[in-house]
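The values are calculated or read from the model by the stated rules, or taken from the named source; none is laboratory data. From a predicted model like this one, the values you see are computed outputs, not experimental measurements. Note: ideal-geometry Cβ built from the backbone for every residue, glycine included; neighbour counts use all protein chains shown.
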Amino acid sequence: MAQQDTPHNQMPQWIPRLVVTVIVSVLVVGASVFLLWKLASFISWLCIALFLSFALEPLVNGLVHRGWKRNAATTTVIFGFMLAAGLVIGAMVPLVIDQVNSIVDIAPRWVDSVSVTLHNWFGITVSTNDIVNQLQLANVNFANYATNVAGNIFGLSRQIFVGVLQVLTIILFTYYFVADAHQFRRFVCSFLPQNRQKVVLKTWELAIEKTGAYVYSRALLGLLSATATFIALVVLDVPFALPLALWMGVVSQFLPVIGTYFAAGVPLFVALLHSPSSALILFIFIFVYQQIENYLLSPKITAHTMELHPAVAFGAALAGGALAGVVGALLAMPIAAIAQEGVRAYSNRHELVESNMLKHPVRRAKQPRTKKKASKQASPDSN
């Protein structure tokens with residue numbers, strides 16, 4: 001007689017459901033990760049377009065309040081932004097080509113000067129012919145590489161096509177994010193309950209306000225820096241004054257902490273090739289102007305906007321650069337500003353306790369020395 005299964009020998013009903021749930025969850029997570037990996041470039045384009053819309057929407061709103069149609073205002077603002085970016089990039093191309101040629105031409109004289117100095121000071125003999133040959137070989141290799149790249153028409157055309165597609169995609173989505181901003185926010189909020197809608201709209205408004213304020217304050221400081229640098233370069237008769245001034249204005253303001261020193265290196269190098277005395281004068285001018293900007297111009301311009309702590313700005317730029325390169329370093333600044341203001345707006349602050357650890361150290365007043373001198377003079381009389 002066959003033995004019948006008892007309830008203790010039967011598999012619980014929840015085990016098959018658990019197995020199916022785990023398998024489906026793993027498949028869904030894997031498909032999501034694969035989809036995000038494939039769409040990583042497209043998502044980054046959307047993020048760039050979104051933050052550009054944050055920066056441009058206040059200007060578009062200002063034109064709309066003055067009677068402009070929103071589509072016309074958006075088109076005008078985006079076209080002006082593209083024109084300014086194209087002007088900076090187009091001005092830098094001939095500068096780079098000319099300076100590379102100048103370095104190749106002047107390198108033998110530099111090598112001779114350095115070799116003589118090393119021999120006179122340290123007794124080190126450097127073969128100038130070997131160094132010049134290496135430079136010429138590097139120049140030939142660079143020319144051959146450029147020829148090979150130019151010869152590969154298909155690969156070059158594909159890279160150009162991908163680059164143009166990226167720019168057009170970012171511009172198109174930026175246009176829609178700005179022109180249809182209210183419809184886009186209504187679409188997002190329609191999926192959220194009303195209490196969440198208020199938080200999202202407040203955060204969105206804060207992002208637009210702080211991103212726009214940061215970009216416009218940096219742009220104004222960059223314009224002042226570029227103008228002052230252009231005047232100095234023209235007076236010193238340094239070539240390529242306009243592209244060097246634009247480089248100085250953009251990099252010094254939008255690259256935190258080290259931007260000023262990194263930006264100043266290019267005009268100083270070009271001035272050094274032109275004349276060492278011009279490079280020295282330009283260095284003094286940049287140093288003086290930087291002090292004026294730090295203590296006079298920047299506090300007044302950013303008084304009603306937003307100012308990041310240098311450590312926060314530098315850390316955000318490093319993190320953004322590690323995640324998304326140059327674009328990530330630039331976008332990290334408004335992201336850090338939004339996060340900083342969000343913490344201030346939504347976090348609870350408490351009253352601080354009384355402690356010397358929370359106070360700025362106060363400089364002690366120096367004791368007058370007259371009493372000590374008087375006591376020393378009085379000591380012999382007392383004896």
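Computed quantities for the displayed model
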quantity: Checklist (1) under 25 Å from the mean Cα position of the chain (by Cα); (2) surrounded by 20 or more Cβ atoms within 10 Å (Cβ to Cβ); (3) at pLDDT below 90 applied to THR229, failing item; calculated: (3)
quantity: Entirely in region 166-278, the helices (runs of 4 or more DSSP H) that have 1 or more residues that are in contact with a Phe, Trp or Tyr (Cβ under 9 Å, 6 or more places away or on another chain) and closer than 30 Å to VAL288 by Cα; calculated: 194-235, 241-254, 259-274
quantity: Every pair of residues 6+ apart whose Cβ atoms lie under 7 Å, when the first sits in region 287-298 and is among the aliphatic types (A, V, I, L, M) while the second is surrounded by 11 or more Cβ atoms within 10 Å (Cβ to Cβ); calculated: LEU297/LEU221; LEU297/LEU224
quantity: Residue in region 147-158 that is in the same structural domain as VAL88 (by TED's automatic domain parsing), modelled with pLDDT under 85 and of a type in the set (Lys, Arg) present; calculated: yes
quantity: Top-ranked residue of region 50-89 - restricted to ones that are touching a residue at least 60 places away in the same chain (Cβ under 8 Å) and among the β-branched types (Val, Ile, Thr), ranked as surrounded by the most Cβ atoms within 10 Å (Cβ to Cβ); calculated: THR74
quantity: Check on PHE240, closer than 19 Å to LEU296 by Cα, touching a residue at least 60 places away in the same chain (Cβ under 8 Å) and surrounded by 19 or more Cβ atoms within 10 Å (Cβ to Cβ); calculated: no
